[in-house]
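J.: Input: one structure, supplied below.
The values are calculated or read from the model by the stated rules, or taken from the named source; none is laboratory data. Keep in mind it's a predicted model, so treat the numbers as computed, not measured. Note that each Cβ is placed from the backbone with ideal geometry, even for glycine, and that neighbours are counted across all protein chains shown. To get the accessible areas, we keep the full protein, side chains included, count just its heavy atoms, and leave off ligands, DNA and RNA. Shrake-Rupley method; radii C 1.70, N 1.55, O 1.52, S 1.80 Å.
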Amino acid sequence: MEILIIGGALVALMVYVSTKVKKSAESAYERELFETEKFSIIKPENFINPLNENSEYVFTAYSKDFGKADAEELRQAQVNLRVYTNADFEEICRNAKLTAEKIISEERSKKEDEKLYFVSGEKSANGIQIETLYTIMESRKRPEIYELEISILSYCKESYSNAVNELLGSFTLK
């Protein structure tokens with residue numbers, strides 16, 4: 001009888017802990033505003049921002065879902081934000097453009113305190129088509145250049161269009 005009581009209590013504790021872990025894991029994929037003293041960006045729903053202190057990126061996020069068939073080891077979408085200090089804006093723009101095998105669109109603009117460059121392209125990796133979007137910003141307030149790179153498996157492009165629009169629309173320098 002005592003074993004039954006202890007077993008029941010143990011099962012109840014395991015159910016409670018697994019529910020808490022499941023809720024915590026689900027909350028990691030919720031929409032979230034990331035804000036630092038230099039930039040802000042919204043991580044869309046169904047993306048996770050892993051903690052990695054040794055990363056070359058100041059922000060990274062990737063989709064919950066992986067690709068299918070040959071792309072099963074790749075995330076359907078990934079976002080990386082890199083900061084360059086004392087770098088040449090034009091060189092970073094050229095390098096971003098060179099990552100694509102085919103350029104879909106390209107645009108330059110200037111705001112009061114910022115230079116902007118946007119390029120969209122396609123490339124393939126091991127026979128898998130990937131669309132890449134780069135937004136590169138240079139702020140005249142500080143000697144830094146921000147490179148936001150979004151990569152999406154081409155066949156998933158439409159399902160991530162809202163997330164891409166949210167990422168691009170929310171990314172701002174302070």
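J.: Suppose R0 equals 45 Å. What FRET efficiency, 1/(1 + (r/R0)^6) with r the Cβ-Cβ distance, do GLU101 and GLU30 give to the nearest 0.05?
T.: Computed FRET efficiency for GLU101 and GLU30: 0.80.
J.: Once both labels are modelled 7 Å past Cα along the beta-carbon direction, what's the ASN86-ASN165 spacing in nm?
T.: 4.2 nm
J.: For ILE103, what charge total do you get from the other residues with a beta carbon under 14 Å from its beta carbon, if Lys and Arg give +1 and Asp and Glu give -1?
T.: 0
J.: So, one more: Hey, could you grab the Kirkwood Rh for region 129-170? Inverse mean 1/r over distinct alpha carbon pairs, Å, one decimal.
T.: About 11.5 Å, per the Kirkwood formula over Cα pairs.
J.: Measuring from label point to label point, each 7 Å out along Cα→Cβ, what is the ILE6 to SER109 span in nm?
T.: 6.9 nm
J.: If I take every Cα pair under 8 Å that is 6 or more residues apart in the chain, average their sequence separation and divide by the length, what percent do I get for the relative contact order?
T.: Reported as a whole number, the value is 19 percent.
J.: Find how much the distance from ILE128 to GLU158 grows on full extension, using 0.36 nm per residue of separation minus their present alpha carbon separation; answer in nm with one decimal.
T.: Contour length minus the Cα-Cα distance gives 9.1 nm.
J.: If a helix is a whole DSSP H run, which ones in the chain reach 24 Å or further along their own axis (Cα) and hold a mean Kyte-Doolittle hydropathy of at least 0.0?
T.: Qualifying helices, which must be both long enough and hydrophobic enough, are 2-27.
J.: Something else now. Among rounded, prolate and oblate, which fits the chain when a ≥ b ≥ c are the square roots of the eigenvalues of its C-alpha gyration tensor, a/c under 1.5 means rounded, and a/b larger than b/c means prolate?
T.: Prolate shape, in that a/c is at least 1.5 and a/b is the bigger ratio.
J.: For the chain, what is the calculated [θ] at 222 nm in deg cm²/dmol (nearest 500), taking -39500 (n - 2.57) for each run of four or more DSSP H residues and dividing by its residue count?
T.: Value at 222 nm, helices only: -8500 deg cm²/dmol.
J.: Using a 1.4 Å probe and ignoring any ligands, DNA or RNA, find the accessible area of ASP70 and quote it in Å² to the nearest 10.
T.: 140 Å²
J.: What part of the accessible area of the chain, given as a whole %, is carbon or sulfur when the probe is 1.4 angstrom?
T.: 51 percent
J.: Send over a whole-number figure in Å² for the accessible area per residue of the chain, probe 1.4 Å.
T.: Using a 1.4 Å probe on heavy atoms only, each residue of the chain averages 64 Å².
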